[in-house]
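One structure is given here, and the rest of the page talks about it.
Throughout, read-outs are computed from the coordinates displayed, never taken from laboratory work. Note that the structure is a prediction, hence the values are computed from the model and not measured. Here Cβ is always computed from backbone atoms with ideal geometry, including for glycine, and neighbour counts include all displayed protein chains.
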Amino acid sequence: MNRTDSVTFDAKTSSDRTVMHVLYGMHTLAWASMYTLAVIAVIVNYIRRSDEHDPLYAAHHGWMISTFWWAVFWAVLSLPLYLLFILPGVIAHAIVGLWYLYRCIKGWLRFTNGQLPR
């Protein structure tokens, strides 16, 4: 007997799909809440990813998690630019914010089309 024959996967429901859309929406609109929505969404991403058996959903959870942590990394790394003058720091954080928004929208569109995030 093949191992996959004995393993049953939970079928994805429309509520699972809705949760993913809500998470992408929270990440995308995080700037409006001073990134509080992103922190909440990434916590839910970690919780949902740990129980995920579907490779598409697991990949998208991982995509959102890595997008969040890379944005945090680059935002913290660019903080010293504010010491030079306000403008370089603002430009750096704007670039990080736009990159974050790009990754969220790209992942959301690819999820909507049933594709892996990369």
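Round to the nearest 10 and give me the degree value, 0 to 90, for the angle of helix 55-77's Cα axis relative to the longest principal axis of the chain.
10 degrees
If you bin every alpha carbon distance in the chain into 10 Å steps from zero, what whole percent lands in each bin?
13, 40, 26, 13, 5, 2, 0
Counting other C-beta atoms within 10 Å, and keeping those with at most 12, which DSSP coil chymotrypsin sites (Phe, Trp or Tyr not before Pro) do you find in the range 48-104? Let's see the in-between values first.
Values: sites: Tyr57, Trp63, Phe68, Trp69, Trp70, Phe73, Trp74, Tyr82, Phe85, Trp99, Tyr100, Tyr102; in loops: Phe85.
Here the sparse-neighbourhood loop sites are Phe85.
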